[in-house]
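The values are calculated or read from the model by the stated rules, or taken from the named source; none is laboratory data. Predicted, not measured: the structure shown is a model, and the values here were computed from it. Neighbour counts are summed over all protein chains in view; Cβ atoms, including those assigned to glycine, are modelled from backbone coordinates with ideal geometry. For the accessible areas, the whole protein counts, side chains as well, though only heavy atoms, and no ligand, DNA or RNA atoms are used. Shrake-Rupley method; radii C 1.70, N 1.55, O 1.52, S 1.80 Å.
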Amino acid sequence: MNDYNEIAQKIKDADAILIGASNGLSITEGLNLFADDEAFENLFRDYKEKYGFRKILDGFFFRWNKQEEKWGFFSRLVNHYSGNYTTSSVMEDLKTIVGDKPYFILTSNGEGHFEMSGFEPQRVYELEGNWIELRCSRLCHDKTYPALPIIRKLAEVEKNGLVSSEFLPKCPVCGAAMDLYNAQPPKQEVQMEWEKFCKDFHNKKIVILELGIGWRNQLIKAPLMRMTANEPHATYITINLGEVYIPDNIKDTSYGLDGYLSDHLNKIKQAMVTK
Ligand SMILES: [Zn+2]
């Protein structure tokens, strides 16, 4: 048996699947927050010239002078990567791999692609929030609101990096500016679902599938490795391009796949459906 067949069997036998995902998955889907690549050049050439941005992330840390300017940038960004999103082949493969099993997803990706691909929102814990929902900037109440209808409108009226103030999202309760949902505090329904998942599948056969997380990541990778060490029937599968790291204490129950996420997931899926 090769690794793919073994992994496929582990997944088939599992009681539940826990997915951890970070930048590597976004990059596989064509969204790179860190690169001055062709996609960045095409979408944000004017921002490179006007503000000196060298990557998408620069826009997240920029001190915008006014809301009209801030929403000009974010509406273009979010509309491009989420407003027009259709489920990618890598997400399709992941859905096939998960099948009907109970699952939970921990991710630092904020583009909302899991939910938009059909994974249930309450089972997707976005530890750094997402950009497909809005919340009151004063946090006068907890509720989040769908961002994409507003984003699409803003992207339509955006001109030279500015949107007209009449279109800016306002809190329906207190009238303050709205912000993209930043996950602080976490959503109660997601937190509850996560605690329930950990309790329900403690001591059970759990497959931990880690997708494109840097080897030193403390937010998601470290807790997943700890969980593997503490759970007697856990299997840990890490897929990464050039950064596969598995500590000695869990190496007997782990698989490390170096290379492109899309290739490895597709091969795991093939191994699952052809048997
Ligand atoms: Zn408010």
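Points worth noting:
- Which listed residue is in contact with a Leu (Cβ under 6 Å, 6 or more places away or on another chain) and modelled with pLDDT of 95 or more, from PHE119, PHE104: PHE104
- Selection within region 183-213 - assigned to a strand (DSSP E or B) and either more than 24 Å from THR253 (Cα to Cα) or among the charged types (D, E, K, R) (or both): GLU210
- Meets criteria (touching an Asp or Glu at 6+ places or on another chain (Cβ under 7 Å) and not in a loop (DSSP other than H, G, I, E, B)) for ILE237: yes
- Residue in region 166-178 that is more than 15 Å from the ligand (Cβ to nearest atom), under 30 Å from VAL244 (Cβ atoms) and either outside any strand (DSSP E or B) or of a type in the set (A, V, I, L, M, F, W, C) (or both) present: no
- Filtered by the rule that a residue be under 25 Å from MET116 (Cβ atoms) and either within 16 Å of the ligand (Cβ to nearest atom) or open to solvent by 40 Å² or more (accessible area, probe 1.4 Å) (or both), region 153-165 gives LYS153, GLU156, VAL157.
- Residue in region 169-183 that is modelled with pLDDT under 95, within 30 Å of GLU210 (Cα to Cα) and open to solvent by 60 Å² or more (accessible area, probe 1.4 Å) present: yes
- If you filter region 184-207 down to residues that are farther than 27 Å from ASP142 by Cα and open to solvent by less than 40 Å² (accessible area, probe 1.4 Å), you find that the one that is farthest from the ligand (Cβ to nearest atom) is VAL207.
- Subset of region 119-152 [of a type outside the set (Ser, Thr, Tyr), surrounded by fewer than 17 Cβ atoms within 10 Å (Cβ to Cβ) and within 16 Å of the ligand (Cβ to nearest atom)]: ARG138, LEU139, CYS140, HIS141, ASP142, LYS143
- Test: GLU115 is within 16 Å of the ligand (Cβ to nearest atom), closer than 19 Å to SER26 by Cβ and in contact with a Pro (Cβ under 7 Å, 6 or more places away or on another chain): no
- Considering region 208-259, the residues that are under 19 Å from the mean Cα position of the chain (by Cα) and of a type in the set (Val, Ile, Thr) include one that is surrounded by the fewest Cβ atoms within 10 Å (Cβ to Cβ), namely ILE220.
- Residue count for region 18-38 under the criterion of being open to solvent by less than 40 Å² (accessible area, probe 1.4 Å) and free of Cβ contacts under 8 Å to residues at least 24 places away in the same chain: the result is 1.
- Test for GLU115: is it open to solvent by less than 20 Å² (accessible area, probe 1.4 Å) and not hydroxyl-bearing (Ser, Thr, Tyr): no
- Members of region 56-99 that are more than 18 Å from LEU31 (Cβ to Cβ), of a type in the set (Gly, Ala, Ser) and open to solvent by 40 Å² or more (accessible area, probe 1.4 Å): GLY99
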